[in-house]
1. Among the residues of the stretch 24-60, write down those that are more than 16 Å from V124 (Cβ to Cβ) and touching a helix residue (DSSP H, G or I) at 6+ places or on another chain (Cβ under 8 Å).
2. Do the conditions hold for L146, that is, is it within 16 Å of ligand 2 (Cβ to nearest atom), at pLDDT 95 or above and closer than 18 Å to E252 by Cβ?
3. May I ask you to verify whether E42 is buried (at least 17 other Cβ atoms within 10 Å of the Cβ), of a type in the set (D, E) and away from ligand 2 (no atom under 16 Å from the Cβ)?
4. Go through the residues of the stretch 79-98 one by one and say whether even a single one is within 23 Å of R27 (Cβ to Cβ), touching a strand residue (DSSP E or B) at 6+ places or on another chain (Cβ under 9 Å), among the polar types (S, T, N, Q) and within 16 Å of ligand 2 (Cβ to nearest atom).
5. Give me the pairs, please: first residue somewhere in the stretch 188-202 and among the hydrophobic types (A, V, I, L, M, F, W, C), second residue anywhere and crowded, with 22+ Cβ neighbours inside 10 Å and part of a loop (DSSP other than H, G, I, E, B), beta-carbon distance under 8 Å, and either six or more positions apart or on two chains.
6. For residues in the stretch 245-281 being assigned to a loop (DSSP other than H, G, I, E, B) and within 16 Å of ligand 1 (Cβ to nearest atom), which is surrounded by the most Cβ atoms within 10 Å (Cβ to Cβ)?
7. List the residue pairs whose Cβ atoms are under 6 Å apart, where the first residue sits in the stretch 116-140 and is closer than 20 Å to R45 by Cα, the second is of a type in the set (S, T, N, Q), and the two are 6 or more positions apart or on different chains.
8. I'm told V224 meets every condition in (1) of a type in the set (A, V, I, L, M); (2) crowded, with 21+ Cβ neighbours inside 10 Å; (3) assigned to a loop (DSSP other than H, G, I, E, B) except one. Can you identify the failing condition by its number?
Amino acid sequence: MVFGPGPVEVDIVVVNLRSPREIALMRRAGLVVWGAHQVAREMVRPGVTTGEIDAAVEAFFLRHGAIPLFKGVPGKVPFPAVCCISVNDEVVHGIPGPRPLRPGDIVSIDTGCSLGGWCGDSAVTHPVGEVDSDVQRLLDCTAGVLALAIELMASRNRWSDVASEMAKYVRDHGFSVVENFVGHGIGRNMHEDPQVPNFCTPAFRKNHDFELEPGLVVAVEPMVNMGSKKVRVLADHWTQSTVDGRFSAHFEHTIAITEGGPVVLTSPPSPGERLEPVDSAEST
Ligand code: MG
Ligand code: MG
């Protein structure tokens, strides 16, 4: 889920820095979010409804003793599901339901959970069957700009330097970065300071910038439109859609800066890491 609308006027940016132990606890939550995305990925095919994917992710979180973060998020109406599932021209915050996926669609799945009081948040956009080559380029560009951000976080000192290169990367691919929504700090809560835009303005650099220092944990989540950056909210009060009806993609990871560099907390398990359901862990 995404912070929005974009950067607001604040006097100081307060950033909670996390200890290595706290980051290790956040990794446990991130691993469950990664697992939930594998459940979703395996279901993505023509004919499956977005509601069926959401129900499977909810059951996965329950099996792992994790609390879904999105259900009940306040708005004009509380968000009703554990995933935001946004199809085609829907940018973010789509509500899962009876809509079946069709060949040529793209489906953005965004979900998060808390485990032991620590949060993880991640999003992926999948093609459904064969998609047009320009749609595949949109997916590649959006995944690519997230990978670029993670890489740059190793060498840049301030977020503004990462954000301006992200915006340039997207522009160079002929697409546009959504500016109404931004990433966010994450820790005990899903949405914490700082705000983490995927673009940079002079006002951001002056008033809202933050240092990339060990202990920082942020959810970086570029949203990229094929056409105009403009978005509008639908009548359900949640779904954000492109104004021009062209497709939009969204990728997100929860990322910690450590003494050794950036670490993706919502990445696949490395050797020695395990993700086990709560009940099977108790019965062995
Ligand atoms: Mg998210
Ligand atoms: Mg998020």
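1. E52, the sole residue that qualifies.
2. So L146 fits the description; yes.
3. It is false that E42 is buried (at least 17 other Cβ atoms within 10 Å of the Cβ), of a type in the set (D, E) and away from ligand 2 (no atom under 16 Å from the Cβ).
4. Looking for residues that are within 23 Å of R27 (Cβ to Cβ), touching a strand residue (DSSP E or B) at 6+ places or on another chain (Cβ under 9 Å), among the polar types (S, T, N, Q) and within 16 Å of ligand 2 (Cβ to nearest atom), one finds none in the stretch 79-98, hence no.
5. Qualifying pairs under 8 Å: M190/M1; M190/L69; V196/E221.
6. L265
7. That search, which allows pairs on different chains as well, returns T125/S108; L139/T125.
8. If we test V224 against (1) of a type in the set (A, V, I, L, M); (2) crowded, with 21+ Cβ neighbours inside 10 Å; (3) assigned to a loop (DSSP other than H, G, I, E, B), just (3) comes out false.
The values are calculated or read from the model by the stated rules, or taken from the named source; none is laboratory data. Here the structure is a predicted model, which means the values were calculated and not measured. Virtual Cβ from ideal backbone geometry, glycine too; neighbours counted across all protein chains shown.
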